[in-house]
Amino acid sequence: MARPFSAADPAASPKTPDFWRAQIKASQDKRQKYVEQWRGNIQRYLAKTLSETPKQDTIVVPLDYANTEQKKALLFFKVPEVQLAPKRPQYAGAVPVYQAVLNHYLGRHGVDARTMMHEALFDAICPSGLAVTMIGYEPTVDGTKQIQSGTQPDPNAAPSVLGLSVPEVPVFADVPNVIHEAYFWVRVSPEKALIPADFHGSNYDIAPWLGVDFEIDHAVAKRRGWVRADTPMSGDAQPTGLNESENQDSASTRPKVKGTMVFYRMAHFDLGQPHPEAFGWCVLIDGQDDFAVKPSPSPWQKFVPDETGKLHVIGMKGNPIHIKGARYVSDSAYPPSDVMMARPQVEELSKGRTQMIQQRDRNVPLRWYNKSVDVDSIKKIERGELQSLIGVDGNGNDLLGIISTGQLPRENFEFDKIIKQDLASIWRLGANQRAQEDENTKTATEASIMQSASDVALAYEQDHWLDWFVRGAEKVGGLIQLFADDPDYVEIVGDDGLPMLQQWDKTTIAGE
């Protein structure tokens, strides 16, 4: 638990590494309380027994796998085409061009939102109840280059006479030489997400700060200027992750460093920044006492005034760490996943199936025989020779018999049926949603009522996930507005689309 800070405490300032390390430690401690549950959920999805469960003759019913895959398909089966509308009529011509560019960058040649959603939905439905992603823009810079920044009177020209103007010459400035740029929207493991220990809401965008633990190649960190020569590397360390079976014997063969990246609302920590949507960021590297990136304004947004003096965000509005919970539980930022909610029923079902197998094993038919039967006759019986004649003295039923077996109680099958009904209620996936034939005979009216109730529940969840996707698309769009130049637009919409886009001055008009 982080120690409380007082105004007199020198570490109370967010400009010090100790402040952020205390915040991060408190968040990590709280997150760790859930990690073992998350790992157990993944093992159940993989139809593997949990560590405390005997593995011999244990049956794991893989309903977690089936329900997770079906729920993913029902909630988000394709990337939607984002539709935009102008807030001001004079910019209506620019909207179709901007819309085409945004949808292009959401596709597989841009941020590849389909892959991100496929991975994030799995995290929310199966292990953790949290979909954790990060949105941003990353240029690759190699030195500098000169570009024309304007013009000025030619200093070598002769003095003006007879009112003649002095000729203008171009002015050049050194700017970073960007050799590659990429917009990204990627999944982050819930085990690496950092949420303030005292945050209890479901709208993670309004949290005072959010962060992610990361591990990157040492060469990349060095190129970014994040590490010193004496920074320890973790190349031989065991990697972390929710899928324990994949982490065994898979230590990295490349030198790496570990660290934490934090994005925070500056108004919560800096009295000199009153704007509530201004974000700052910092980076800390394990083994370094100082900041790798000192607390500074986010490079992914800037502010411009409108005609009334109000400041509007150009670029990303909101936290670059984009999180959604599968549901909301009062005063908790860590909601349970669908698999977590259904685990008691699945474990009971698996236990019942295991008992059935054990019952069948115990009921393998066994025969008894009277010791007075001669050895040759017994051998014929063991060999099972067809049409063999076995001579006996007296009644054969008194000499050979079958040991009676216990019958599997009917209640076992009833429990199996009841548990499956419970699971259908928890997942809101009936036989129809799973493309299975319903064993219970129902009237058309009953089936219609059940289907309608299920559709409403799924539509409610679909709407929440689509809203979260649109919020993320707005953040991607803000980055495009801030960093894309005319050649980027022409590459997507062609030369004919550029004049329409130029109706909209992206440097002064917010792209909401």
Practice problem: Kindly check whether there is at least one residue in segment 122-135 that is over 22 Å from Trp300 (Cα atoms) and free of Cβ contacts under 8 Å to residues at least 60 places away in the same chain. | Solution: yes
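Results for (1) of a type in the set (Asp, Glu); (2) farther than 30 Å from Ile42 by Cβ; (3) out of contact with any strand residue (DSSP E or B) (no Cβ under 8 Å at 6 or more places or on another chain), shown as yes or no for each residue.
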{"position": "Ala73", "(1), (2), (3)": "no, no, yes"}
{"position": "Lys78", "(1), (2), (3)": "no, no, yes"}
{"position": "His104", "(1), (2), (3)": "no, yes, yes"}
{"position": "Ala113", "(1), (2), (3)": "no, no, no"}
{"position": "Leu121", "(1), (2), (3)": "no, no, no"}
{"position": "Ala124", "(1), (2), (3)": "no, no, no"}
{"position": "Ser128", "(1), (2), (3)": "no, no, yes"}
{"position": "Ala131", "(1), (2), (3)": "no, no, no"}
Self-check item: Residues of segment 59-83 satisfying the condition of being under 20 Å from Gly477 (Cα atoms) and buried (at least 16 other Cβ atoms within 10 Å of the Cβ)
Solution: Val79, Val82
Quiz item: Any chance segment 330-353 includes a residue that's at positive phi, open to solvent by less than 30 Å² (accessible area, probe 1.4 Å) and in contact with a Leu (Cβ under 6 Å, 6 or more places away or on another chain)?
Solution: no
Quiz item: Here are Pro320, Pro365: which of them is within 30 Å of Cys282 (Cβ to Cβ) and touching a strand residue (DSSP E or B) at 6+ places or on another chain (Cβ under 8 Å)?
Solution: Pro320
Quiz item: What are the residues in segment 84-95 that are assigned to a helix (DSSP H, G or I) and surrounded by 15 or more Cβ atoms within 10 Å (Cβ to Cβ), if any?
Solution: Tyr91, Val95
Exercise. Looking only at segment 99-114, count how many residues are outside any loop (DSSP other than H, G, I, E, B) and open to solvent by 20 Å² or more (accessible area, probe 1.4 Å).
Key: 6
Exercise. Scan segment 192-215 residue by residue and report those that are outside any loop (DSSP other than H, G, I, E, B) and either of a type in the set (D, E, K, R) or crowded, with 18+ Cβ neighbours inside 10 Å (or both).
Key: Lys192, Ala193, Leu194, Tyr204, Asp205, Trp209, Leu210, Gly211, Val212, Asp213, Phe214, Glu215
Quiz item: Can you name every residue in segment 13-27 that is out of contact with any Phe, Trp or Tyr (no Cβ under 8 Å at 6 or more places or on another chain), open to solvent by less than 20 Å² (accessible area, probe 1.4 Å) and not small (Gly, Ala, Ser)?
Solution: Trp20, Ile24
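The values are calculated or read from the model by the stated rules, or taken from the named source; none is laboratory data. Predicted model, so just to flag it, every value in this text is computed and none were measured. Cβ: placed from backbone, ideal geometry, glycine included. Neighbour counts: every protein chain shown. Just so you know, the surface numbers come from the protein's heavy atoms only, side chains and all, with ligands and any DNA or RNA stripped out. Shrake-Rupley method; radii C 1.70, N 1.55, O 1.52, S 1.80 Å.
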